[in-house]
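The values are calculated or read from the model by the stated rules, or taken from the named source; none is laboratory data. In this text, all values refer to a predicted model and were calculated from it rather than measured experimentally. Virtual Cβ from ideal backbone geometry, glycine too; neighbours counted across all protein chains shown. Quick note on the areas: whole protein, heavy atoms, side chains included, nothing else; ligands and nucleic acids left out. Shrake-Rupley method; radii C 1.70, N 1.55, O 1.52, S 1.80 Å.
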Amino acid sequence: MDLLRVINVSKVYGNSEETNFHALKDVNITFSNAGLVSIIGKSGSGKSTLLNIIARLDKATSGDVLIDGKNIKNKKFDKNIYKEWVSTLFQSYCLIEDENVLFNVMLPLLIKGKSKKLAQAEAISILDKVGIGQEKFKVVTSLLSGGEKQRVALARSVVTNPKILLC
């Protein structure tokens, strides 16, 4: 079974035929259980819209998105699958600016129910891997450079070891 399938997904913005904008039109993509996939296209071609629909940050006008064969718009869909399987690395970082680096990376683990001690150990390990040293752990993220923010955001998005990483 495929990890992720996008079936006939369309997204229309607007509320009348004169003003409608079709960001996506009948998109079909199958993602296997392993590997790296790049979606390329011109600005405004729907790349971010597609990722937002997969991440459940936006709803498709029509079509289906299946994760492990389960439709994400089904009312019985287990939303906890997103905590376990899916993570997003946002273009704009989406860090909690008035919280410190360590807390920002620990947060997804705490949400998953890990103890503070274990979440801290895992966060420190991943921060080390992205080149953020302990001298930055207590710094609020609003004081970081753009590159440091991006590495903290990357650490936060991979600390849970997701099966699907949307970037």
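Observations, loosely collected:
- Taking the conditions (1) within 14 Å of Arg156 (Cα to Cα); (2) out of contact with any Ser or Thr (no Cβ under 9 Å at 6 or more places or on another chain) in turn, Val101 satisfies each one other than (2).
- Annotation: of all residues in segment 127-167 being part of a loop (DSSP other than H, G, I, E, B) and exposed (fewer than 15 other Cβ atoms within 10 Å of the Cβ), the one that is nearest to the chain's Cα centre (by Cα) is Cys167.
- Pairs where the first residue, in segment 83-106, is closer than 13 Å to Lys138 by Cα and modelled with pLDDT of 95 or more and the second is open to solvent by 20 Å² or more (accessible area, probe 1.4 Å) and charged (D, E, K, R), C-beta under 6 Å, 6+ apart: Asn100/Lys138; Val101/Lys136; Asn104/Arg156; Val105/Arg156
- Pairs where the first residue, in segment 22-41, is over 24 Å from Lys59 (Cβ atoms) and the second is part of a strand (DSSP E or B) and of a type outside the set (A, V, I, L, M, F, W, C), C-beta under 6 Å, 6+ apart: none
- Qualifying positions in segment 62-78 - touching a residue at least 12 places away in the same chain (Cβ under 8 Å) and open to solvent by less than 80 Å² (accessible area, probe 1.4 Å): Ser62, Gly63, Asp64, Val65, Leu66, Ile67, Asp68, Gly69, Ile72
- Boolean, Asn28 is of a type outside the set (Val, Ile, Thr) and not in a loop (DSSP other than H, G, I, E, B): yes
- Subset of segment 20-29 [open to solvent by 80 Å² or more (accessible area, probe 1.4 Å) and modelled with pLDDT of 95 or more]: Lys25, Asp26, Asn28
- Here Asn33 meets the list (1) within 20 Å of Leu3 (Cβ to Cβ); (2) touching a Leu at 6+ places or on another chain (Cβ under 8 Å); (3) modelled with pLDDT of 90 or more almost entirely, failing just condition (3).
- Any chance Gly46 is touching a Lys or Arg at 6+ places or on another chain (Cβ under 8 Å), on the phi > 0 side of the Ramachandran plot and surrounded by 10 or more Cβ atoms within 10 Å (Cβ to Cβ): yes
- Considering residues of segment 1-19 that are of a type in the set (S, T, N, Q) and surrounded by 12 or more Cβ atoms within 10 Å (Cβ to Cβ) only, the residue farthest from Lys70 (Cα to Cα): Ser10
- Exclusive hit being surrounded by fewer than 20 Cβ atoms within 10 Å (Cβ to Cβ), β-branched (Val, Ile, Thr) and in a loop (DSSP other than H, G, I, E, B), set Ile124, Ile96, Ile81: Ile96
- Which numbered condition Phe90 misses (of (1) of a type in the set (A, V, I, L, M, F, W, C); (2) part of a helix (DSSP H, G or I); (3) open to solvent by 30 Å² or more (accessible area, probe 1.4 Å)): (2)
- Number of the exception - Lys117 against (1) open to solvent by less than 40 Å² (accessible area, probe 1.4 Å); (2) in a helix (DSSP H, G or I): (1)
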